[in-house]
Every structure is written in structure tokens, then in C-alpha cells.
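Let me begin by handing over the structure; questions about it come next.
The values are calculated or read from the model by the stated rules, or taken from the named source; none is laboratory data. Computed from a prediction, not measured in an experiment: that's the story for all the values here. Quick reminder, even Gly has a Cβ in these numbers, built from the backbone with ideal geometry, and neighbours come from all protein chains shown.
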There are 4 protein chains.
Amino acid sequence: MQFGSDNQTGASTQVLEMLTTANSDFTHGYGDDHWCRQAADDLKQLFSCDLEVFFVATGTAANSLALSCLAQPWETILCHHQAHIIQDESTAPEFFTGGARLTAISNQAGKLQTEHLKRYFRQLGEEPPHTPRTSALSITQANESGLVYTPDEIKALCTFAHNRKMHVHMDGARFANAVAALECSPADLTWKAGIDVLSLGATKCGAIAAEAVLFFNRDLAGSFIHRRKRSGHLVSKGRFFGAQFVGWLKDKHWLELAAHANRQAKNLEERLALFPSISLIWPREANELFVTMPERLVDFLHDSGAEFYQWPSHSLPRGIELKNNTSFVRLVNSFATTDEHIDRFCELIHTFESESRSD
Amino acid sequence: MQFGSDNQTGASTQVLEMLTTANSDFTHGYGDDHWCRQAADDLKQLFSCDLEVFFVATGTAANSLALSCLAQPWETILCHHQAHIIQDESTAPEFFTGGARLTAISNQAGKLQTEHLKRYFRQLGEEPPHTPRTSALSITQANESGLVYTPDEIKALCTFAHNRKMHVHMDGARFANAVAALECSPADLTWKAGIDVLSLGATKCGAIAAEAVLFFNRDLAGSFIHRRKRSGHLVSKGRFFGAQFVGWLKDKHWLELAAHANRQAKNLEERLALFPSISLIWPREANELFVTMPERLVDFLHDSGAEFYQWPSHSLPRGIELKNNTSFVRLVNSFATTDEHIDRFCELIHTFESESRSD
Amino acid sequence: MQFGSDNQTGASTQVLEMLTTANSDFTHGYGDDHWCRQAADDLKQLFSCDLEVFFVATGTAANSLALSCLAQPWETILCHHQAHIIQDESTAPEFFTGGARLTAISNQAGKLQTEHLKRYFRQLGEEPPHTPRTSALSITQANESGLVYTPDEIKALCTFAHNRKMHVHMDGARFANAVAALECSPADLTWKAGIDVLSLGATKCGAIAAEAVLFFNRDLAGSFIHRRKRSGHLVSKGRFFGAQFVGWLKDKHWLELAAHANRQAKNLEERLALFPSISLIWPREANELFVTMPERLVDFLHDSGAEFYQWPSHSLPRGIELKNNTSFVRLVNSFATTDEHIDRFCELIHTFESESRSD
Amino acid sequence: MQFGSDNQTGASTQVLEMLTTANSDFTHGYGDDHWCRQAADDLKQLFSCDLEVFFVATGTAANSLALSCLAQPWETILCHHQAHIIQDESTAPEFFTGGARLTAISNQAGKLQTEHLKRYFRQLGEEPPHTPRTSALSITQANESGLVYTPDEIKALCTFAHNRKMHVHMDGARFANAVAALECSPADLTWKAGIDVLSLGATKCGAIAAEAVLFFNRDLAGSFIHRRKRSGHLVSKGRFFGAQFVGWLKDKHWLELAAHANRQAKNLEERLALFPSISLIWPREANELFVTMPERLVDFLHDSGAEFYQWPSHSLPRGIELKNNTSFVRLVNSFATTDEHIDRFCELIHTFESESRSD
């Protein structure tokens, strides 16, 4: 019953087999091998465009390296107040950019909207060099509230940003889940909507440790190889990271893994709807659910072996306050979430409710 | 009619004369001279305690160097949303700290209060190393809304911070104005209330370019000489910066300069109260006024040679919105503000109002 | 015939199998799993001591993170002029330390000796804060000339360094080869000789991507988890990196892999000794050979499919100049170097020599 | 008898008077004033060209800010092994560049020559992104051995550098002394010879604290205002720094001050030549002498109140070793060095020698 994070799984069999296949024989190091070339070709085909692609082992590296190509040290990057880059990656963005600043503008909304950008610029007394220039926007897909941005929403944000001479980064740690949810093409969700750079995560959805940074706007990629090297993210046996992507992308495997995770989230949502003590806080759109439940239920579930995290209260919708003795909780489904996991989880809740009623 | 900033003045005669006196003869370089030693002694006497003191030429350097002694690169520093360190010093804090983060917690209040700290920690899902540790609090005295913190308010903030193992920095660019306003001792406003480090600014109140960083908590000062040197802030002819402080402090000169600025602010406040189109937004407590006035009046005053800045709307009190055709404006009085400046400024407003009525 | 680098191989079967075993089931992320705990325990047993250990994916990350715990940004780290950290890792040490400096002191010697340290300090006009304080020494084992430091040599260097209040780091990217060459214990080569921190590399000797940073001096490790996280080197599915070490260490597998590489280097050395046009430049002590050969032979070998790198001339011994039309060349043997590789390589040389004579 | 450094003097009367003149009235802050504009115009006229100019308070800031415009964090800057930027400015260059590297290439020569550059590139195994790209050259005028580069020497270095796509910085802390020594135009020594950026120091030659960074290659200056602000080097009352330059440049005052310092150095050289125990090590070309003398004489002079520094032995010419009981010593003459200083200094030496002979 692991609903803690999609990084609590191992890798999918297909990814692991491709990695094993890649083990034979000698190749050049540092990504100069046919596995990395194959992965790059597969990604170009998937996104129906030419692009620059770089592989790294972690999402934090992917995001921070991407952002460092979009912001000078005296500039600022706008993001959602619950964005992974501002909430969960220590001060990595500052480290990689040489001290640029993240500015959260979403004001407890579930999704970033152009309205947030407009208000930000309306209130800003920008006066360089005293104030940092606003150089980039970063959005997350699927996002920090478990929601997905539609192509039109992305296009609106990118258009606004480009008009202000900002570039746009997409944190796609759960990009596969968003594609599966929206049933549109990867291109529609990215460069066709104006995204300049995408951090595409395979790790949370079936790989061991494999993230790709894709520059649709290739002019921004010039310094990447230097930044990756000097941050220690150029792996010597690069083939193993290329091979994970080859295995992940082959025969739409990635999309099936993501669709499974989303389906299980839907299943869990439907099951939880039957329990009156549990409330869905954000609409379930991809593989994550955000719900409130009694604190005592949280304890009971944890004690019974279920894994999931309580979530900070300022990621609740604006105006919503937690009731007393209630917790805000995130439940993540993955490619490895089985029906049994969900059954057992719901049985536990049922047991708890029965006991509560009988008290 | 310069109400733009207290840095639009020159230096006071007494400061300039002391600098001239310091010019004669040879001394050692880099602050190893009797002027710097005298200034340090004078400051120890003024604050009635032993302390470590370092001189630099700018307020941004003083603040950023001080903060860099309080936060590791993976930590965060709390501050007011309008603090100079977050609004007006580019990304200097990030540069000097090696990428630590500023977090604004004041939510449009005029002053930081323990309530803001409490809410911050209540909402925080701190989970190192994923989230930055909260290591310091920085407050401004007199502050970003022209208000002064009382000794009790400072003590409450420092006590809360120290209980959370945070250190407290005070940005004292207008510390003299606060002391003059509160008529209490420098010690009461700083170390006796729990302040660990003070950036004490003389520049805005009569010096050419002279700021002192005072460590009441001397344990924090160990790396300062290295940080100052490698950021290019160790001036070779240090005597001239020590001498400014000697001149500034002598015979309570600094306090008289500040008291004059505050008095003129009070005079201006009283005069402006007579004009119905002008509203005081924050109570006038030191040398700055924050008012709203018609946009056309702003234009008229600027066209007539008055200098002052419009201020960003998110420094208005929470819940207050600017009416249409109205501007939010800051008016700063300095040691050099004369009665004539105020008279002419008010006459202009009178002229504008008369003409408006006759329209 | 890959003699280019030991990173041109894949992983050993045993390592790969352990990684596959680790794939089953769920675990916590970020290294909080039984594989990482097992690997840590195995390392403690191997080194016969308690220690702090952290896993990362690349040698550059291991080295730079380790060094960042040994030097403040205003300090300098001494190293060999051909050290990987100064020659092959871009400016990663500067990035991770926040701008500390590397100072090469070896003056074209093959190994660092206390004599180099003595001369450095004799010539140094150290005057903080103007000059950087010397805070650490980094040595490589097996080293940049293919040589190994004996326990006594390490002890002499560490004793000198500790007496100057410096800490000592060992870059052990080829530590296994050194242990195999010296047939002494890992403890003898490290903490018993005074090493404070070791970057222990498994990647070059049989792993996919697995490096461990071992703090024998545990007081230095306090900031590591923060530094690793904010540099993007905390992998989410940490188990896969722990598992590589478990597989690598099991049943002295690591030592067998290294011994094989060393043996093949010895074989190759003996075979090359028969060719008069090839000269061994540094004694062959581990798995690398440094030789000179005619430029035309280099071209012939490359054209025939052999892989190896030409090496910069300032890594030649002091006083040795390359003769005209001669190249300096590095030949690396790995756990995967077979007798056939060596046979074919030598046959090619034989062919070349025969043809040359008949010219 | 202060021969320690030219920063042990105060300011010249003319500079101080101009600063006093600048004190009257209000001006805009942050360099937006007529004093800074006047200073910029004066510098354009002096150098007979258009240029971008920025004022700061210290030489370290001037040098480091200039270098940060010439090197990305993954690049390296070549310099003399005794350059102030590598020997006396802590790790400021690393701090300002975000971790670029300085590489000393002069090998104990007195001046940098194209031969040093050639050897550097011949030995370099440049392989980006593994090795830092070589992006800039920095030379000092007058230099670290008290020597001056002729226009032809500068041109040769710049031509070589530009051919390798490197930019060239000149550290002109003693530029005035070089101009006075060579009796050529400032333009001949800078942009006409290929210099891209000059740190022009007034501090050592008559100012209080005033350095100008001059970009002859204006394309390189784009980020300067941001870099200066976020490093705390944008002074609020900028007029006082502009005014120092106005006073310094007026009526060739700067050149007279420098010529006086040079003349006194020549006088001192001639007087010292009479003492057999004192040997001139580098030719005296500007205002500094580098000599060897008996250690006991050093002690005697210091005890008698003379000020000067012993110099590190690796700044001796290659092949020269200090004899036992001998010290290497630097003697700096300034605009304030009087005949009496020299007389008394030489009398002391005479006394010492007399007493020594009679021992």
C-alpha cells in the first residue's frame, strides 16, 4: 500500500531489460554511444521535431540545469507556490543559476494562470539593476496539485511570458501522466504551445534514474554541456541512461505505465468517494489524489502499513482551512500500484470507520 | 524639494571635516589604523557593550555580508515582503550567501510580528534536506513602511527566533532615525532585545559612504574578514571610512541629524494633513511618509521640480486598493531637508488644488 | 582493443544481477532503504571502522562534494598538477566549494611528496584575508601517473598536512586497483594513514554508476546531505546505487575485478617491452600504462580500431621532452580487458614495425 | 619612511578639494549625477575614444567585476604567477565569476610574454567540457615585478590572445605610473594595443577610494550594472566617486602624481646602488623597487620605523635563489614620498653598514 511517491517503485521490466542489453561490449563514455543517440532519435520522433536533448540521473538536476539556462544570476523565475523547484529541491535552483531567485506568484490557486502573471507585473516596481529582471516562468505538468494544464492553458501562459521576453520551462517529472490524462500529443503539450525547455522524467514512471532535458528552443542550450559537466551530472557510462530511455519509449511503454497509474488513481478516487470522512480537495486528473481525512485515520493507516505523506496546509485551495483533527494528505499511484493495494487500503479505512461508529 | 531618498544629500559638514582631518600623514592600509580603531571604540561605547565591527562602503554590502554569516547556502532567511534586502538589492543576498533563499512572510502587514513567524512555521512542511532550513530573521529599523519597532516588539521577534534556533539581523540603514524617534538607547533596540547583528548605516544620515556591521553575537563574526575581502569590500585606505564614523558619532552628531530628518517629516505630515486629496497610509514614525495622492498631482509636482518616488502597490496595507487615478508615493526627509523645501512643496500642492477646483 | 578508459566497459555480471534483484518490491526513496543500509554496513566492515558514507552517481560529484566539506570558499586545496580534479572535471571543484581554489604543487613529479608541501609553504607569503588559507590536500590513489602511494607515503603526507591544520582527501576512482596492487588492507591505505575523506569509485571497476564518499573523519560530514541534495545528487530511487555496492563488495568481487585489470596491465607491459619503439614512461603499478610511441604508430593503431588517448606533455616527468614525431600515450586496462585484446593490439604493433623496417 | 604600499598615503589635496566641492546640494543617487558624467567624459577624452565606464571603490572589485565579464564559470583566465588577482585578492575572482579559474603561466618570468602563452597552449590537452576553456588573459601595468609593458609587448600579447578568441584585461592599479614611465598616451597602452577592459586605479595614486572599469570593447559591458549592484558595489552617493576622478584627472594632476612617485623610486634606486649589501632584482621602471638585503638590515630598518614588506621568494627571477640570511624586499614610492623619507632611509642603511663593519 505504497501511496507515498512514485519513486518508491523499482523499474519496469522492459526498462531493466534494455539496461541489461546495453551492458554488453565496450562503448565510448560520456554519452558518446549509440544508446544515447538512439534515445535522442526516439525523443525527436516522439515530439515530432528537432531538439537538443541531454540526459541526467535526477529530476532536481534536470530542473536546475534547465533553469540555469533561462536565468542570469540577477534575474528571477516565476513559479507556483507549491512547485517542486521551490518546495522540494532545497536551494538547488539558486545553486545552479549562481543565485537567481524563484518568485512564487500563484497565491494558493491550483494552477498558474495568466491572471497571476498579470497581477505580478502590475504590482512590480521593476527598476534594474535594483530589482531582479523577470526572465522565466516554470510550470509543472502534471502539476503540484495533481492537475494537468491543457494545451490552451499552456499556450496562454507561454504567450504572455514570451511577450514579456521570458522563457518557459516545464517540469515534466509526471509528464507521461499528463499525456495519458489528456490524450493529446507530447508536441501539443510542449513546443506547439510555446514551451522552451522540458524536464522529461522517466524515473517516477518506470525507470531507475533517467531524466532528459529537452530544448525545443535550441538557442538556449549552448552552455548546457558545461553546466552538466561542472555540476557532476555527466555520467561516464552514459549508455545506461540512454538505454533506460530507449526501453521506456519503445512501443509506447511509457504511456502504458502512465495510463495504468492514472487508472489506479481513478479507481482509488471512486472507492474513497464512498467514505464520508474523506474529501477530495483538488479534482483528480492524473495519478495523484489530494484529500482530507481525520487525523486518527491517518494514524491508523500508517500503523497498519500504508504509506503516504501529509501535505503542507498552504497547498490547500485559497480560503480553505483544515478543520480540527483533520489532515491534508497526498496519495500517489504508480505503474506498480495494483488492485490489491487499493483493496487493502480501502478495507483498512472501512475497518476504521466501522470501529469509529461502534465507539 | 528632494524627497526621493536620503541618499540624494551630500555629507554633513562635521563628517566631511573629519574625513579631511584623516587625510594627513601615512597610516597602515586595510583598516589597520587609528581612525578605524577610534570608530570601533566609539561604537562600543555607544552600544555599551563589546562587539565586533567591520566597515564597508554600501548598505547592500553591509546587509549581504551580515546575512552570509547567518545562513548556509541551503538555508532560508525570513523577512518582510517589502524589505530592502528582497526588493532593492538585486540578488545580492543570494550572491553573498552562496545561494541561500529569502522568504517573505509579512503578508502586507506594516511590521513583522511573531504572528507571521507562527503562521510560517505552522504551514511549513520542513523536511531537510529537501526543504531549506530556516536559519535567520532579518528586520529593518526604521522599517520599509516608515515604522519603528519598539524594544518590546524586537524582543518578542528575537525570542521567538532564538527559540527556533534562528539568528536575527537588523537592517539599520535608518537606525539613527529609529533611535531619534523612540528616544531610547541603541543598546535597547539591539542586543538587549536580542539582535545578533546590526547593519548600521551612516550614509543615509550624513556620511559619504560609511556602513558598519556590528556583531553583538561575536561567535557569528569569524568568517567576516574573509567574506569582506573576497567580495572586494575591504577598502585599502580604510582610515577614510573609520574617520566618517568618528565624525558622525562625535558629540551625538548622528542623533541630531536623524532628529532633524524626523522633525521635518513630522512638519511635512502636518502640512499635508491639510490637503484633503492626500492621505497618509502608514503612521509617520521616523523620517519617511507614505501617502496616496492624485496621479495628476504627482505629475504636476514632478514637472515642477519636486523629487520623490511612486511606490509599488503591494506595499500598501493588506486590503487597501489604490483608487483609480491615484498614486502611492514615498516622501523621504533627510538631515538636509529645510523648511523651504517643505514650504515650496506644499505651495505647489496648494497651487494644484486651487487650479483643480477652478477647473 | 579498448584501452581508452575503464569507463568504456559495461558493468560486471554480479553487479548487474544485484541491481536486478534490488528491483523487486517497493522501498522508501532517497537512500532510506535496506540496500543502502547494507552497502553502508559492508563498507564499514571492509574498512574496519565506523564511518559516514554517502552514495552518488559520478566521480566528479563524489570528489567535488567531498572537497566542499574541506574548504571554505576563501581557502585553497593542494593537489597534483595532473589530478583529475584539476584537469578533467571542468571547474566542478570551484562550483561545489563556492569558489575555493585548487593549487597544483607537484611540479611534474609522478607522485606528490612532502617535499612539495614543504616548498609550497616555504615560498608562500600567507597573509589572510588577502591570500587564501591552505585548508586541504587531495591525492589520487591509484594516481594520475598510474602509480600507487604506499601506506608510509600516505602517512607522511597526512602527517604533514594535519600538522598544518589541513584535511586530506583521497580520490579513489581507482582505489580498488591500488589495493589489489599493494595487497594491503583498505584501512591501511586510508584512515590508518590519516586520510579524512575518500571518494571510492566502483564505476571504473565494474559498476554502472556508483561512487561512495566515505568520511573517516565524521566531524567533516555534517553538511553533506544538504550539499548532495542541492546539487541534484540525491537520487530518488537510491536502492539501485546501494545495490551496486552490495554486489560489487560481495565475496571480494571488487578486488578480483581490480586484480584482473592490474594483471592485464602487467601482461601488456611485458609484451610492449619487446618493441624498441615503445618506452614505458612511468613504472606500471596498477592498471594503467603511460608510454611513448611513434606518432605514425599511434595513427596506425587508431586506424586499425584500437582505442586509447594521447596524453598532455606536461604530464611527462620533469626534464623529459617528447622527441620529434613521438606521442605520449595512456593505455588503460579494465576488468573486461581480455587476452585477445592484448594479443591483437600487439600484433598490430608487430605488423607496423615489420612494415616500417621494410620501408 | 613608508615604502610599504602606495595605499598608506592619504589623498592628494586636489582630489580632496574636488570631493568637498561635490558635497554641496542634492543630486540623484547611484551615479546618475553630473560628477559621474563629467568623470566619464574626462576619461573618454583622456583615452581618445568612446568607452563604457563604471566606478567602484576598490581595486579588487574593479578587477573581479571586469574579469567576471570575460569568463564563464567553466572557463579559465591566464595571468602572471605573481598577479595581484591570484596572489592578493583572496578568491575574489572565483567569487565574482561564479567559479572560473585563474591559471598562472609565467613560470617566474618578470613579464608575461607570448612565449608563455604558446607553451601553455602547446601543453594543454583541451577537451571541453572536461577541461575549462581558456577565455581571457589578464596583465598588470605597471606589473607585479615593477616593470612596464611597452605598447609593442602589449600588442603582441593581445594579438595572440585575440587569435585564440580570448579577451584581454589590464589591471591598471598603477597604470598612471606606467604612463608616466613610458611617456606614451593612455590610448597607446590600452585599446590601440588591443586591451578590451582596463581597471584604472586612482586610489594608489592620490584618491581616497576610486577605481574605474573602462570597457574599450563595449560589447563586453552588458552585464556590468547587474554584477556591480548585486555585489554591493553600486554606491548610493555616487557623486563622491565621480568627483574624485574629476579632481584626479584635472590638469594632468594624475600624471604629475605618478611621475613624482616614479622619480622618487629612481632617486631611491640610485642611492641604494651605493650600498654593496643591497641588490636590485628587477630593473626599476616605475615606482617600485625589488631588492635583496641582509635579514639583519631588514630588522634594523623595521625597528627604526621604516615600513616595507618582505616579498615571497617565488617572485624572484627563475633560477635565482635567496642567499642565506638574505631577504627579498619591495619598496614602494608614492606621490607622497619626500626626499626626506629617502634621506632618512638611506642614512639608516648607512648607519647599519658602519656598525656592521665595526663589528
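One residue is enough: does segment B:208-223 have a residue meeting the conditions among the small types (G, A, S), within 21 Å of B:F95 (Cα to Cα) and crowded, with 24+ Cβ neighbours inside 10 Å? So that I can check it myself, show each step before the final result.
Residues of segment B:208-223 that are among the small types (G, A, S), as a first pass: B:209-210, B:212, B:221-223.
Still in the running and within 21 Å of B:F95 (Cα to Cα): B:212, B:221-223.
Checking which are crowded, with 24+ Cβ neighbours inside 10 Å leaves us with B:212.
For segment B:208-223, residues among the small types (G, A, S), within 21 Å of B:F95 (Cα to Cα) and crowded, with 24+ Cβ neighbours inside 10 Å: present.
To continue, here is another question. Between residues in segment D:305-333 that are farther than 30 Å from D:T9 by Cβ and in the same structural domain as D:N262 (by TED's automatic domain parsing) and residues that are of a type outside the set (A, V, I, L, M) and in a loop (DSSP other than H, G, I, E, B), which pairs lie under 7 Å by C-beta distance while being six or more apart or on different chains?
Pairs that qualify, where the first residue is farther than 30 Å from D:T9 by Cβ and in the same structural domain as D:N262 (by TED's automatic domain parsing) and the partner is of a type outside the set (A, V, I, L, M) and in a loop (DSSP other than H, G, I, E, B), are D:R318/D:N107; D:R318/D:Q108.
Right, something else. Quick check on D:G206: is it closer than 26 Å to B:V56 by Cα, within 14 Å of chain B (Cβ to nearest Cβ) and touching a Gly at 6+ places or on another chain (Cβ under 8 Å)? Lay out the reasoning, then the answer.
Working: closer than 26 Å to B:V56 by Cα: yes; within 14 Å of chain B (Cβ to nearest Cβ): yes; touching a Gly at 6+ places or on another chain (Cβ under 8 Å): no.
No, not satisfied.
Going by the structure shown, is B:D6 surrounded by fewer than 18 Cβ atoms within 10 Å (Cβ to Cβ) and either more than 30 Å from B:F300 (Cβ to Cβ) or facing chain D (nearest Cβ under 10 Å) (or both)?
Working: surrounded by fewer than 18 Cβ atoms within 10 Å (Cβ to Cβ): no; either more than 30 Å from B:F300 (Cβ to Cβ) or facing chain D (nearest Cβ under 10 Å) (or both): yes.
Here the answer is no, as B:D6 does not meet what is asked.
Looking at the structure I just gave you, is D:A243 crowded, with 19+ Cβ neighbours inside 10 Å and not assigned by TED's automatic domain parsing to the domain that holds D:F224? Quick ask: steps written out before the conclusion?
Numbers: crowded, with 19+ Cβ neighbours inside 10 Å: yes; not assigned by TED's automatic domain parsing to the domain that holds D:F224: no.
No.
Counting only residues that are at pLDDT below 95, give me the strands (runs of 3 or more DSSP E) lying completely in segment C:166-226 with at least 2 of them.
Working: elements: C:167-172, C:197-201, C:211-215.
Because the criterion is at least 2 residues that are at pLDDT below 95, no strands (runs of 3 or more DSSP E) in segment C:166-226 meet it.
For segment D:274-285, enumerate the residues that are more than 15 Å from D:S145 (Cα to Cα) and surrounded by 13 or more Cβ atoms within 10 Å (Cβ to Cβ). Don't jump to the end; show me each part of the working.
The first filter runs over segment D:274-285 and keeps only residues more than 15 Å from D:S145 (Cα to Cα), leaving D:274-278.
Once the filter is applied, which keeps residues that are more than 15 Å from D:S145 (Cα to Cα) and surrounded by 13 or more Cβ atoms within 10 Å (Cβ to Cβ), segment D:274-285 yields D:F275, D:S277, D:I278.
So, one more: When segment B:288-312 is examined, which residues are found to be hydrophobic (A, V, I, L, M, F, W, C) and out of contact with any helix residue (DSSP H, G or I) (no Cβ under 9 Å at 6 or more places or on another chain)?
Narrowing segment B:288-312 to residues hydrophobic (A, V, I, L, M, F, W, C): B:289-291, B:293, B:297-298, B:300-301, B:306, B:308, B:311.
Correct list: B:V298, B:W311.
Could you go through segment D:243-257 and let me know if any residue there is over 30 Å from D:Q38 (Cβ atoms) and of a type in the set (G, A, S).
Within segment D:243-257, not a single residue is over 30 Å from D:Q38 (Cβ atoms) and of a type in the set (G, A, S).
Same structure, new question: C:N23 - would you say it is within 14 Å of chain A (Cβ to nearest Cβ) and either closer than 30 Å to A:F95 by Cα or aromatic (F, W, Y) (or both)? Lay out the reasoning, then the answer.
On the way: within 14 Å of chain A (Cβ to nearest Cβ): yes; either closer than 30 Å to A:F95 by Cα or aromatic (F, W, Y) (or both): no.
Judged against the criteria, C:N23 is not a match.
Would you mind stating whether C:E17 is within 23 Å of the chain's Cα centre (by Cα) and among the acidic types (D, E)?
Numbers: within 23 Å of the chain's Cα centre (by Cα): no; among the acidic types (D, E): yes.
For C:E17, the condition - within 23 Å of the chain's Cα centre (by Cα) and among the acidic types (D, E) - is not met.
Consider B:F3 carefully, then state whether it is within 16 Å of B:F224 (Cβ to Cβ) and either in contact with a strand residue (DSSP E or B) (Cβ under 6 Å, 6 or more places away or on another chain) or of a type in the set (F, W, Y) (or both).
no
Let me ask another. Of a type in the set (D, E), crowded, with 21+ Cβ neighbours inside 10 Å and either over 19 Å from D:H84 (Cα atoms) or modelled with pLDDT of 95 or more (or both): which single residue out of D:E270, D:E288 fits that description? Lay out the reasoning, then the answer.
Details: D:E270 fails: crowded, with 21+ Cβ neighbours inside 10 Å.
After applying the criteria, what remains is D:E288.
Only one of (1) under 20 Å from the mean Cα position of the chain (by Cα); (2) of a type in the set (V, I, T); (3) more than 22 Å from D:G201 (Cβ to Cβ) is not met by D:I349, so which one is it?
If we test D:I349 against (1) under 20 Å from the mean Cα position of the chain (by Cα); (2) of a type in the set (V, I, T); (3) more than 22 Å from D:G201 (Cβ to Cβ), just (1) comes out false.
What number of residues within segment B:14-31 satisfy the criterion of being farther than 19 Å from D:A306 by Cα and not β-branched (V, I, T)? Give the steps one after another, and end with the answer.
Here is the first cut: in segment B:14-31, the residues farther than 19 Å from D:A306 by Cα are B:14-23, B:31.
Next, only the ones that are not β-branched (V, I, T) stay: B:14, B:16-19, B:22-23, B:31.
Going through segment B:14-31 one residue at a time, the tally reaches 8.
Also, I was wondering about something else. Being closer than 30 Å to D:F3 by Cα and surrounded by 22 or more Cβ atoms within 10 Å (Cβ to Cβ) is the requirement here; does B:G31 meet it?
Values: closer than 30 Å to D:F3 by Cα: yes; surrounded by 22 or more Cβ atoms within 10 Å (Cβ to Cβ): yes.
The answer is yes for B:G31.
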